[in-house]
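**Student:** Handing you this structure, nothing more for now.
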Amino acid sequence: MNRQPAVAGTFYPSDPGQLHEILSHFLADYEPVTHVPKAIIAPHAGYIYSGSIAASVYSRLKAARDRITRVVMIGPSHRVAFKGLALSKALSFITPLGSVRLDQEALKTVSDLPFVDYLEEAHIYEHSLEVQLPFLQDMLSDFKIIPIVAGDASPEEVSQVLEALWGGDETLIVISSDLSHYHDYATARQQDKATSDIIEHLQYEQLEPGSACGKVPVSGLLKYARENSLSIKTIDLRNSGDTAGDKSRVVGYGAYVIE
């Protein structure tokens, strides 16, 4: 069983050539860096809205193209309500750029946790993980994924999964989250800046439900970072008013790295 793309043709191009072209366009704006992130937070909207912000952190993977062979992905559930964290029994996730295999051994490692279960309904139509995959396919050569959709889960539970899957230099952690939703431009800038300050200070307890749609996985990453003396920094902070024009009702996007 393979998980087919749900938002190809809407959130990003379904034509492989056009998809490569738009990814190259976004990534070309950023110079290569020597410090490869261990973990990133990237937005998950349609590429015309948040693609350039996501590219600011994905571009930093270039030096690890052949080194990163495993990617742990945790994103929020937008369509299905459930408790805990949801795995998939799919063998591969498909995008217009090809298929990406799931790391079955790693999935078994966390499937025994009491708050982790297999729930295909959480994955079938979920875009928060899918939109990250073309960036990963463009930046990495050969890798497997551990895709996890977060429902109603605590920071402790997410942190426990990260602890089990953190790994070494071969493993990248990808947390998927947008920031504020549907405020005017000035209000969104103010709120998203406050959220970014909270993220940089690892104060996950202060994140409000409306501050980030990926509050659950973000909180778990921040808890893990604080407990392991890691630091996180903001790479990009903009909103759809900056990228797609309309400033009357915007969605905020932030890109962050733990190196």
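Nothing in this text is a laboratory measurement; each read-out follows from the coordinates by a stated rule. All values reported here derive from a predicted model rather than from experimental measurement. Cβ sites come from the backbone with ideal geometry, for glycine too, and all protein chains shown count toward neighbours.
**Student:** How large is ³J(HN,Hα) for each residue in segment 10-25, as worked out from phi by the Karplus curve 6.51 cos²θ - 1.76 cosθ + 1.60 (θ = phi - 60°), to whole Hz, x for Gly and Pro?
**Tutor:** Each residue's phi maps through the Karplus curve to give 10, 7, 7, x, 8, 7, x, x, 5, 5, 4, 5, 6, 5, 4, 4 Hz.
**Student:** Next question. Can you list the aspartates and glutamates whose alpha carbon sits under 17 Å from that of Lys193, skipping same-chain ones fewer than 8 residues off?
**Tutor:** Asp178, Asp184, Glu205, Glu208, Asp236, Asp242
**Student:** Suppose a student asked you for the relative contact order of segment 213-259, using Cα pairs under 8 Å spaced at least 6 residues apart; what percent would you report?
**Tutor:** Values: 45 pairs, mean separation 16.8, N = 47.
The value is 36 percent.
**Student:** Okay, moving on. Note down the nm distance, to one decimal, between modelled labels 7 Å out along Cα→Cβ at Asp197 and at Phe82.
**Tutor:** In this crude label model, Asp197 to Phe82 measures out at 3.8 nm.
**Student:** Let me ask another. Can you tell me how segment 6-258 classifies by the Cα gyration tensor, rounded, prolate or oblate, using a/c under 1.5 as the rounded cut?
**Tutor:** On the way: a/c = 1.31, a/b = 1.09, b/c = 1.20.
Rounded is the answer for segment 6-258, as its axis ratio a/c remains below 1.5.
**Student:** Given only helices, namely DSSP H runs of n ≥ 4 each adding -39500 (n - 2.57), what is the per-residue ellipticity at 222 nm of the chain, to the nearest 500 deg cm²/dmol?
**Tutor:** Values: 10 runs with 91 residues, N = 259.
It comes out at -10000 deg cm²/dmol, rounded to the nearest 500.
**Student:** While we're looking at this one, here's another question. Near the amide H of Val251, under 5 Å away, which other amide H atoms are found, from residues 5 or more places off or on another chain, if H is placed in the peptide plane?
**Tutor:** Amide H neighbours of Val251: Tyr182, Ser240, Gly241.
**Student:** A follow-up question, please. So for the pair Glu105, Gln4, with labels modelled 7 Å out along Cα→Cβ, what separation do we get in nm?
**Tutor:** If labels sit at Glu105 and Gln4, their model points lie 3.2 nm apart.
**Student:** If I model a spin label as a point 7 Å beyond the Cα along the Cα-Cβ vector, how far apart are those points for Ser141 and Ala186 in nm?
**Tutor:** The two pseudo-label positions are separated by 5.2 nm.
**Student:** Given 0.36 nm per residue, what is the gain on full extension from Ser248 to Ala28 after removing their alpha carbon distance, in nm? It would help to have the intermediate numbers written out before the result.
**Tutor:** Numbers: separation 220, 0.36 × 220 = 79.20 nm, distance 2.92 nm.
Length gained between Ser248 and Ala28: 76.3 nm.
**Student:** Using modelled amide H (1.01 Å from N, peptide plane; none on Pro or chain starts), what sits under 5 Å from the amide H of Ser14, excluding residues fewer than 5 places away?
**Tutor:** Gly9
**Student:** Go through segment 196-213 residue by residue and turn each phi into a ³J(HN,Hα) via Karplus (6.51, -1.76, 1.60, θ = phi - 60°); whole Hz please, and just put x for glycine and proline.
**Tutor:** So the Karplus estimates, Gly and Pro as x, are 4, 5, 4, 4, 5, 8, 6, 8, 4, 5, 8, 5, 8, x, x, 7, 7, 5 Hz.
**Student:** Then there is this: Using the Cα centre as the reference, give the magnitude of the dipole from point charges on the C-beta atoms of the chain (Lys, Arg: +1; Asp, Glu: -1; all else neutral), rounded to the nearest 20 debye. Mind dumping the intermediate values first?
**Tutor:** Details: 22 positive and 33 negative charges, 25 e Å.
It comes to approximately 120 debye.
**Student:** Give me, ordered by chain and number, the residues 5 or more places off Gln203 or on other chains with an amide H under 5 Å from its own placed amide H.
**Tutor:** none
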